[in-house]
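Data block below; observations after.
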Amino acid sequence: MAEPLGTTGLIFNEPLLFEQGAPGRRGYSLPACDVEAPPLDQLLPSHLVRKEIEDFPEVSEVEVVRHFTRMSQWNFAIDVGPYPLGSCTMKYNPKVNEEAARIPGFALAHPGQPDALSQGALRLMHELERFLADISGMDAVTLQPAAGAHGELAGMLMIRAYHIASDSVRTKVLVPDTAHGTNPASAALCGYKVVPIPTGERGYLRAERVASLVDDEVAAIMVTNPNTLGLFEEEIGEIAQVVHARGGLVYCDGANLNALLGIARPRSMGIDVLHFNLHKTFSTPHGGGGPGAGPVGVTRALAAFLPVPVIVKEGERFRQDYDRPRSIGRLRAFCGNFGMLVRAYSYILAYGPAGLREVAETAVLNANYLKERLKPYYHLPYDRPCMHECVFTDRRQGQHGVHTLDIAKRLMDFGIHPPTIYFPLVVQAALMIEPTETESREELDRIVEAFIRIAREAEVEPATVLEAPHHPKLSRLDEVRAARQPRLRWRRG
Ligand SMILES: *Cc1c(COP(=O)(O)O)cnc(C)c1O
């Protein structure tokens, strides 16, 4: 049976750092400094110098290290166990990427260093752009955006600039009802009215439905492929033709490209603009709010609008080009999350074309394996071969009063991170499971066993599921209050 792994024996009663230590205790022991330094208030304006920090903790080095290490162990992480969070692609991050990112020439490069002294970094960025262009079939790529949503914004700004440059006033963007919430948000930020497209009964977009909505006011359609039901958009080619015929462009949310790598190129499906999530498909770490990277690929027709700086190769030299009069401008300071770019570059080189194709094949195989094994126990609303993830609901367990949230919480007791829940919205009470390609057959079987056990418990002892999780430090948190009234500061008493 799926017993919890690695989640017992932790110290749960951790006092705050403020409650530890003793007056006069210090985090270092070094010989006294023998350099005469002027008093602080001569170095800095005196009104900026604080005499005393009230209640500042006075702790030794070992107290600090143990405090933070113990707290880190309360957290779930991809290095602790499976993390089948649908759409988020929480796959294992190979440590060779970390080695590469720590090479001093990369890790210590200063963002203000002149191009002449940054040739290696610029070459890496230029080559990564070429790799992503090859993988997707797009003509040009920018590495500027710092996340998928930032990539969407960059892409939609380029689409808007393209239409403005051709004197075409367009007001609407079509977005399917399965889209990630960032899609309509990005379109709205660019001033477009969002027109939702209902998904077909089979879980993908129908070209005829798109045709009935597209007119000369449509700037673009934003499609996600594979979509958030984990299904391939089978009519994508026709949809692109229908939109292009009326002068619109096709934006593809490629956050989940891990199902297509080395097998199909979005450009061949008629895509004009595509964003990648390096922190999903290309294995750079993510979670906890960042950092990410959301490069965008475009066709030649849109290349003039790419954000600055654009990295150009002249002979054997590389240069950041800011002189791009039609550019949408800067998206962020300097060159972006350079460390993320090094990791993705290293990942792509380490796997090579055949390896990347195998990543996609295994991601799809693993998701279909889970889908088939869980199908007898959980309601599967779209029973078709899936891509990198599969979506179930709580319909059967709901008859016993056990719902999606309860199932997700109970999984934590088995050392498994809950899947994505209640998304996509078109599926009532969704459980969206993405195993990723990095889980072994044994690990997948453990996930399956945990799900099956929960399905049985729902029937015979629902309280066990309803009161879960039983093992973690905290059980059911008030998530709404945590978000609306976060307590970010400690005060004594
Ligand atoms: C993750 C995701 C995004 C947003 O990416 P961020 O890097 O979190 O901004 C957009 N669309 C889809 C389908 C995603 O899975």
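The values are calculated or read from the model by the stated rules, or taken from the named source; none is laboratory data. Note that the structure is a prediction, hence the values are computed from the model and not measured. Backbone-built Cβ (ideal geometry, glycine too); neighbour counts: all protein chains shown. Remember, those area values only see protein heavy atoms, side chains included, never the ligands or the DNA or RNA. Shrake-Rupley method; radii C 1.70, N 1.55, O 1.52, S 1.80 Å.
Values computed for the structure shown
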{"read-out": "Pairs, first of a type in the set (D, E, K, R) in region 142-162, second open to solvent by 40 Å² or more (accessible area, probe 1.4 Å) and away from the ligand (no atom under 15 Å from the Cβ), C-beta under 8 Å, six or more apart", "value": "Arg160/Gly191"}
{"read-out": "Selected residue [modelled with pLDDT of 95 or more and within 13 Å of the ligand (Cβ to nearest atom)] from Val194, Val141, Val175", "value": "Val175"}
{"read-out": "Qualifying strands (runs of 3 or more DSSP E) (wholly inside region 187-278; at least 3 residues being closer than 25 Å to Leu85 by Cα)", "value": "218-224, 249-254, 273-276"}
{"read-out": "Number of the exception - Arg343 against (1) away from the ligand (no atom under 12 Å from the Cβ); (2) assigned to a loop (DSSP other than H, G, I, E, B); (3) in contact (Cβ under 8 Å) with a residue 60 or more places away in the chain; (4) surrounded by 16 or more Cβ atoms within 10 Å (Cβ to Cβ)", "value": "(2)"}
{"read-out": "Exclusive hit being in contact (Cβ under 8 Å) with a residue 60 or more places away in the chain, crowded, with 24+ Cβ neighbours inside 10 Å and closer than 22 Å to Ala220 by Cα, set His275, His279", "value": "His275"}
{"read-out": "Where a residue in region 27-44 is touching a residue at least 12 places away in the same chain (Cβ under 8 Å) and its partner, wherever it lies, is of a type outside the set (Val, Ile, Thr), with Cβ under 6 Å and at least six apart", "value": "Gly27/Glu61"}
{"read-out": "Sole residue being under 20 Å from Leu205 (Cβ atoms) and either part of a helix (DSSP H, G or I) or β-branched (Val, Ile, Thr) (or both), chosen from Val359, Val391", "value": "Val391"}
{"read-out": "Residues being buried (at least 20 other Cβ atoms within 10 Å of the Cβ) and either within 12 Å of the ligand (Cβ to nearest atom) or closer than 27 Å to Glu233 by Cα (or both) - total across region 282-305", "value": "12"}
{"read-out": "Scan of region 163-186 for residues that are farther than 27 Å from Thr89 by Cα, touching an Asp or Glu at 6+ places or on another chain (Cβ under 6 Å) and either touching a residue at least 60 places away in the same chain (Cβ under 8 Å) or outside any loop (DSSP other than H, G, I, E, B) (or both), ordered by number", "value": "Arg170, Lys172"}
{"read-out": "Answer from Ala240, Ala188 - the residue that is at pLDDT 95 or above, open to solvent by 10 Å² or more (accessible area, probe 1.4 Å), hydrophobic (A, V, I, L, M, F, W, C) and away from the ligand (no atom under 12 Å from the Cβ)", "value": "Ala188"}
{"read-out": "Subset tally (residues that are more than 30 Å from Met71 (Cβ to Cβ) and surrounded by 11 or more Cβ atoms within 10 Å (Cβ to Cβ)) for region 7-42", "value": "2"}
